[in-house]
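Single-structure report; data block below.
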Amino acid sequence: MVEVERGKGISLGVKGLNLELPSNELIFVRGKTGVGKTFLCLKAAEAEALKGRRVIYFSTNEDRESILKKAGFLGIDFRGLEARENLKLIDYSPMEVKRLIEGGALIDEIEEFGYSLVIIDSFGFILSSFNSNVDALSFSFSFFNLYKKLRVSFLLTGEKESDFEHISHNLIYLEEGKMRFIKSSTQHLVNKSYEYVIGKEGIELKQA
């Protein structure tokens with residue numbers, strides 16, 4: 001269990017959550033449609049890009065215009081961050097992202113451009129594209145092996161519980177107005193719950 005010096009880790013972009021998670025870890029965010037997973041991803045991407053780092057964002061369930069519209073609602077200058085090459089948005093189908101991962105192209109992309117954060121929203125859509133749980137589990141472990149080679153931060157989302165959660169360092173569950181850290185490498189977050197609202201600054205913790 002570790003604590004992270006401010007500015008050295010990965011920020012989730014959640015207003016009121018004044019901490020960062022360790023870099024080079026797997027972060028899995030689970031929750032039903034509409035609870036704020038994409039807003040969280042967008043604010044995390046912005047927070048990292050504004051530090052001067054590079055972020056690549058894969059959207060498997062929304063097209064580019066939909067993502068840009070949500071970013072605009074949050075006041076994120078997405079196109080500006082893209083122009084500075086701190087942020088790259090790719091709207092691929094689950095099968096296209098799966099092929100990138102299995103074929104090694106994702107490794108090449110990350111190593112060539114030096115991305116520090118990879119966001120896949122939704123990773124759950126990729127897992128649900130398999131015909132059997134065995135195939136999905138096999139892919140999960142292949143992905144984990146890819147992660148071990150790259151040692152960059154991954155922020156993944158999904159709607160349903162999956163075996164992949166067990167190999168993630170951080171598991172965050174979003175439900176109606178509540179954020180729960182099911183597990184975390186940051187000690188004081190384990191089993192911690194926060195009430196939140198969604199607004200123009202993304203996910204914002206309610207004041208106690």
Q. Dipole of the chain (Lys/Arg Cβ +1, Asp/Glu Cβ -1, origin at the Cα centre): which of ASN24, SER184, GLN207 lies farthest to the positive side?
A. GLN207
Q. Residues with amide H under 5 Å of THR186's amide H, sequence separation 5 or more or different chain, H placed in the peptide plane at 1.01 Å from N; which?
A. VAL2
Q.
Give the aspartates and glutamates reachable from LYS43 as a straight Cα distance under 16 Å; neighbours fewer than 8 places away on the same chain don't count.
A. GLU20, ASP77, GLU82, ASP121, GLU201, GLU204
Q | Net charge of neighbours whose Cβ lies under 14 Å from the Cβ of LYS43, counting Lys and Arg as +1 and Asp and Glu as -1 | A | -2
**Q.** Mean Cα-pair separation over length for the stretch 1-113, i.e. relative contact order, pairs under 8 Å, 6 or more apart, %
**A.** 21 percent
Q.
Net charge within 12 Å of ARG151 by Cβ-Cβ distance, Lys/Arg positive one each and Asp/Glu negative one each, not counting ARG151 itself?
A. 0
Q | Structure-derived volume of the Cα convex hull per residue in Å³: which label, when the choices are (1) 111; (2) 154; (3) 129 | A | (1)
Q: Could you tell me the distance between the Cα centroids of the stretch 146-208 and the stretch 51-71, to the nearest Å?
A: 18 Å
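State the extension gain, in nm to one decimal, for the chain segment bounded by LEU146 and GLU62, taking 0.36 nm per residue of separation less the distance between their alpha-carbons.
Extending this stretch completely gives an extra 27.8 nm.
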Q | Computed FRET value (nearest 0.05) for GLU161 with ARG84, which takes r as the C-beta separation and R₀ as 45 Å | A | 0.75
Q: Under 10 Å from the Cβ of ASN191, count the other residues' Cβ atoms, weight Lys and Arg +1, Asp and Glu -1, and hand me the total.
A: +3
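Among LYS148/LYS183; LYS70/LYS98; LYS70/LYS149; LYS8/LYS148; LYS32/LYS70, which pairs are too far apart, with a Cα-Cα distance over 28 Å? Intermediate values should be presented prior to the final figure.
Details: LYS148/LYS183 20 Å; LYS70/LYS98 25 Å; LYS70/LYS149 33 Å; LYS8/LYS148 20 Å; LYS32/LYS70 17 Å.
Violating the 28 Å limit, Cα to Cα: LYS70/LYS149.
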Q: In Å³ and rounded to a whole number, note down the convex hull volume per residue for the Cα atoms of the stretch 166-208.
A: 84 Å³
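Any read-out appearing in this document is the output of simple, stated calculations on the displayed coordinates, not a laboratory observation. Not measured: the values here are computed from a predicted model. For neighbour counting, all protein chains shown are included, and Cβ atoms are generated from backbone atoms with ideal geometry for every residue, glycine included.
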